[in-house]
1. Provide the solvent-accessible area of MET173, counting protein heavy atoms only and rolling a 1.4 Å probe, rounded to the nearest 10 Å².
2. Order ASP124, ASP31, most accessible first, counting only protein heavy atoms with a 1.4 angstrom probe.
3. Any chance you could look up the accessible area of ARG120 with a 1.4 Å probe, heavy atoms only, rounded to 10 Å²?
4. Using the Karplus equation 6.51 cos²θ - 1.76 cosθ + 1.60 (θ = phi - 60°), what ³J(HN,Hα) coupling, rounded to whole Hz, does each residue of the stretch 17-25 give in order, writing x for Gly and Pro?
5. Rolling a 1.4 angstrom probe over the protein chains, ignoring ligands and nucleic acids, what is the accessible area of LYS39 in square angstrom, nearest 10?
6. Largest first, how would THR102, THR14 line up by accessible area (1.4 Å probe)?
Amino acid sequence: EAGEFRVSVAEGVTFTNNAINLTGNLRLVKDGTGSLLAKMTGQTYEGGTEIVAGTVSCGVTIDQGWLFGAAGSEITVRAGAFFNLLGKKGGEAYSFVLDGGTVINDTPVDSNDATIGSLRLLADSTLLLPDIAFKHDVTVAANSVWELGGKTLTVQLLGTDPDLYFKTGPVTMRNGTVKTVGTGGFFHDCIGVNASDHVTYDFESLLRLKA
(Lines give C-alpha, C1' and ligand atoms only; values in the text may rest on other atoms or scores of the structure.)
Protein backbone atom coordinates (compact mmCIF):
# COMPACT_ATOMS: atom_id res chain seq x y z
CA GLU A 1 0.00 0.00 0.00
CA ALA A 2 1.31 3.42 -0.97
CA GLY A 3 2.31 5.90 1.70
CA GLU A 4 0.63 9.31 1.68
CA PHE A 5 1.96 12.83 1.24
CA ARG A 6 -0.93 15.12 2.16
CA VAL A 7 -1.10 18.79 1.25
CA SER A 8 -3.86 20.78 2.96
CA VAL A 9 -4.40 24.30 1.63
CA ALA A 10 -6.84 26.74 3.25
CA GLU A 11 -9.54 28.70 1.44
CA GLY A 12 -8.14 31.61 -0.58
CA VAL A 13 -4.54 30.35 -0.38
CA THR A 14 -2.38 29.01 -3.24
CA PHE A 15 0.57 26.76 -2.42
CA THR A 16 3.14 26.52 -5.21
CA ASN A 17 5.35 23.44 -5.33
CA ASN A 18 8.55 24.35 -7.12
CA ALA A 19 10.98 22.42 -4.94
CA ILE A 20 9.48 19.20 -3.52
CA ASN A 21 10.25 16.05 -5.52
CA LEU A 22 8.21 12.97 -4.58
CA THR A 23 9.50 9.48 -5.39
CA GLY A 24 8.73 5.83 -4.72
CA ASN A 25 5.52 4.18 -3.55
CA LEU A 26 3.85 7.39 -2.49
CA ARG A 27 0.42 8.95 -3.11
CA LEU A 28 -0.09 12.73 -3.26
CA VAL A 29 -3.34 13.79 -1.58
CA LYS A 30 -4.60 17.36 -1.84
CA ASP A 31 -7.31 18.54 0.57
CA GLY A 32 -8.56 21.89 1.82
CA THR A 33 -10.48 24.29 -0.43
CA GLY A 34 -7.39 26.28 -1.48
CA SER A 35 -5.20 25.65 -4.53
CA LEU A 36 -2.03 23.67 -5.26
CA LEU A 37 0.00 24.89 -8.24
CA ALA A 38 2.44 22.21 -9.43
CA LYS A 39 5.68 23.51 -10.94
CA MET A 40 8.16 20.81 -9.89
CA THR A 41 8.64 18.55 -12.91
CA GLY A 42 10.22 15.11 -13.07
CA GLN A 43 7.94 13.63 -10.38
CA THR A 44 8.26 9.84 -10.15
CA TYR A 45 5.98 8.87 -7.25
CA GLU A 46 3.94 5.79 -8.12
CA GLY A 47 0.79 5.92 -5.95
CA GLY A 48 -1.14 8.43 -8.01
CA THR A 49 -2.68 11.78 -7.09
CA GLU A 50 -5.97 12.33 -5.25
CA ILE A 51 -7.74 15.70 -5.12
CA VAL A 52 -10.18 15.57 -2.22
CA ALA A 53 -11.08 19.27 -2.26
CA GLY A 54 -10.03 22.54 -3.83
CA THR A 55 -8.03 22.84 -7.05
CA VAL A 56 -4.80 21.35 -8.35
CA SER A 57 -3.30 23.06 -11.41
CA CYS A 58 -0.46 22.51 -13.86
CA GLY A 59 2.17 25.19 -13.28
CA VAL A 60 4.01 24.84 -16.57
CA THR A 61 2.52 25.30 -20.01
CA ILE A 62 4.94 23.28 -22.13
CA ASP A 63 6.25 19.72 -22.11
CA GLN A 64 8.79 19.77 -19.28
CA GLY A 65 8.27 16.33 -17.78
CA TRP A 66 5.84 14.73 -15.37
CA LEU A 67 4.18 16.95 -12.78
CA PHE A 68 1.95 14.29 -11.22
CA GLY A 69 3.81 11.05 -10.66
CA ALA A 70 5.30 8.38 -12.85
CA ALA A 71 4.05 7.69 -16.36
CA GLY A 72 0.70 5.91 -16.27
CA SER A 73 -0.32 6.98 -12.77
CA GLU A 74 -3.86 8.27 -12.32
CA ILE A 75 -5.25 11.54 -11.00
CA THR A 76 -8.42 11.05 -8.94
CA VAL A 77 -10.76 14.04 -8.65
CA ARG A 78 -13.42 13.78 -5.93
CA ALA A 79 -16.81 15.51 -5.87
CA GLY A 80 -16.51 19.29 -5.73
CA ALA A 81 -12.79 19.27 -6.53
CA PHE A 82 -11.03 20.50 -9.67
CA PHE A 83 -8.00 19.62 -11.78
CA ASN A 84 -6.99 22.55 -13.99
CA LEU A 85 -4.80 21.90 -17.02
CA LEU A 86 -4.16 25.66 -17.07
CA GLY A 87 -3.03 25.64 -20.67
CA LYS A 88 -0.69 22.64 -20.27
CA LYS A 89 0.20 21.47 -23.75
CA GLY A 90 2.09 18.59 -25.32
CA GLY A 91 3.89 15.73 -23.62
CA GLU A 92 2.09 13.86 -20.88
CA ALA A 93 -1.48 12.71 -21.35
CA TYR A 94 -2.72 12.41 -17.78
CA SER A 95 -5.28 9.72 -16.98
CA PHE A 96 -8.12 10.45 -14.59
CA VAL A 97 -10.52 8.78 -12.17
CA LEU A 98 -13.49 11.14 -11.84
CA ASP A 99 -15.61 10.68 -8.72
CA GLY A 100 -17.92 13.63 -9.25
CA GLY A 101 -15.02 16.02 -9.84
CA THR A 102 -14.22 18.36 -12.73
CA VAL A 103 -11.31 18.62 -15.17
CA ILE A 104 -10.99 22.16 -16.47
CA ASN A 105 -8.79 24.07 -18.92
CA ASP A 106 -9.49 27.74 -18.29
CA THR A 107 -6.31 29.26 -19.72
CA PRO A 108 -5.70 27.90 -23.23
CA VAL A 109 -2.46 29.47 -24.42
CA ASP A 110 -2.40 28.86 -28.17
CA SER A 111 -3.34 26.34 -30.84
CA ASN A 112 -1.16 23.66 -29.22
CA ASP A 113 -3.81 21.76 -27.32
CA ALA A 114 -3.70 20.39 -23.81
CA THR A 115 -3.93 16.58 -23.81
CA ILE A 116 -5.73 14.16 -21.52
CA GLY A 117 -5.72 10.37 -21.66
CA SER A 118 -7.89 7.55 -20.36
CA LEU A 119 -10.49 8.07 -17.68
CA ARG A 120 -12.78 6.11 -15.37
CA LEU A 121 -16.03 7.47 -13.93
CA LEU A 122 -17.10 6.56 -10.41
CA ALA A 123 -19.90 9.19 -10.44
CA ASP A 124 -21.36 11.71 -12.87
CA SER A 125 -18.53 14.13 -13.66
CA THR A 126 -17.57 17.07 -15.86
CA LEU A 127 -15.00 18.29 -18.37
CA LEU A 128 -15.25 22.09 -18.38
CA LEU A 129 -13.84 24.35 -21.08
CA PRO A 130 -15.00 27.85 -20.09
CA ASP A 131 -13.60 29.74 -23.07
CA ILE A 132 -12.46 27.74 -26.07
CA ALA A 133 -10.08 30.21 -27.63
CA PHE A 134 -8.30 27.96 -30.13
CA LYS A 135 -9.04 24.90 -32.20
CA HIS A 136 -8.29 21.67 -30.34
CA ASP A 137 -8.30 23.46 -26.99
CA VAL A 138 -8.23 20.01 -25.40
CA THR A 139 -7.47 16.76 -27.21
CA VAL A 140 -7.88 13.22 -25.89
CA ALA A 141 -4.83 11.12 -26.68
CA ALA A 142 -5.27 8.47 -29.37
CA ASN A 143 -6.17 4.98 -28.16
CA SER A 144 -7.35 6.21 -24.76
CA VAL A 145 -10.18 4.31 -23.06
CA TRP A 146 -13.05 6.04 -21.28
CA GLU A 147 -14.75 3.64 -18.86
CA LEU A 148 -17.96 5.52 -18.07
CA GLY A 149 -19.22 2.99 -15.53
CA GLY A 150 -22.89 3.60 -16.29
CA LYS A 151 -22.45 7.28 -15.37
CA THR A 152 -22.70 10.54 -17.35
CA LEU A 153 -19.72 12.60 -18.44
CA THR A 154 -20.79 16.16 -19.25
CA VAL A 155 -18.48 18.10 -21.57
CA GLN A 156 -19.24 21.80 -21.13
CA LEU A 157 -18.06 23.83 -24.14
CA LEU A 158 -18.64 27.44 -23.24
CA GLY A 159 -16.75 29.26 -25.98
CA THR A 160 -18.50 31.56 -28.43
CA ASP A 161 -17.39 30.05 -31.75
CA PRO A 162 -18.84 26.70 -32.87
CA ASP A 163 -15.85 26.18 -35.16
CA LEU A 164 -13.55 25.92 -32.16
CA TYR A 165 -13.78 22.61 -30.44
CA PHE A 166 -12.86 19.81 -28.12
CA LYS A 167 -11.40 16.82 -29.96
CA THR A 168 -11.23 13.14 -29.12
CA GLY A 169 -9.93 10.30 -31.12
CA PRO A 170 -9.52 7.61 -31.68
CA VAL A 171 -10.84 6.76 -28.23
CA THR A 172 -12.83 3.81 -26.91
CA MET A 173 -15.85 4.74 -24.77
CA ARG A 174 -17.74 2.12 -22.78
CA ASN A 175 -20.99 1.82 -20.82
CA GLY A 176 -22.39 5.24 -20.08
CA THR A 177 -23.46 8.62 -21.42
CA VAL A 178 -21.44 11.45 -22.94
CA LYS A 179 -23.35 14.73 -22.87
CA THR A 180 -22.08 17.94 -24.44
CA VAL A 181 -23.52 21.37 -23.72
CA GLY A 182 -22.58 24.87 -24.86
CA THR A 183 -21.69 26.63 -28.09
CA GLY A 184 -18.33 25.06 -28.84
CA GLY A 185 -18.06 22.06 -31.16
CA PHE A 186 -17.32 18.47 -30.16
CA PHE A 187 -15.28 16.43 -32.64
CA HIS A 188 -15.22 12.70 -32.05
CA ASP A 189 -13.27 10.12 -34.01
CA CYS A 190 -15.47 7.03 -33.83
CA ILE A 191 -12.68 4.51 -34.31
CA GLY A 192 -12.87 2.03 -31.46
CA VAL A 193 -16.52 2.73 -30.60
CA ASN A 194 -19.14 0.11 -31.42
CA ALA A 195 -22.68 -0.75 -30.42
CA SER A 196 -21.61 -3.33 -27.88
CA ASP A 197 -19.92 -0.60 -25.85
CA HIS A 198 -23.37 0.70 -24.73
CA VAL A 199 -22.60 4.40 -25.03
CA THR A 200 -25.33 7.05 -25.28
CA TYR A 201 -24.50 10.42 -26.84
CA ASP A 202 -26.53 13.44 -25.76
CA PHE A 203 -25.31 16.37 -27.84
CA GLU A 204 -26.65 19.85 -27.20
CA SER A 205 -23.60 21.44 -28.88
CA LEU A 206 -22.31 21.22 -32.43
CA LEU A 207 -21.26 17.67 -33.27
CA ARG A 208 -18.72 16.41 -35.79
CA LEU A 209 -18.31 12.66 -36.10
CA LYS A 210 -15.46 11.08 -37.99
CA ALA A 211 -15.93 7.42 -38.78
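The values are calculated or read from the model by the stated rules, or taken from the named source; none is laboratory data. Predicted model, so just to flag it, every value in this text is computed and none were measured. These accessible areas exclude ligands, DNA and RNA; they are computed on the full protein's heavy atoms, side chains included. Shrake-Rupley method; radii C 1.70, N 1.55, O 1.52, S 1.80 Å.
1. 0
2. ASP124, ASP31
3. Here the residue's solvent-accessible area equals roughly 100 Å².
4. 9, 10, 9, 8, 10, 9, 9, x, 7
5. 90
6. THR14, THR102
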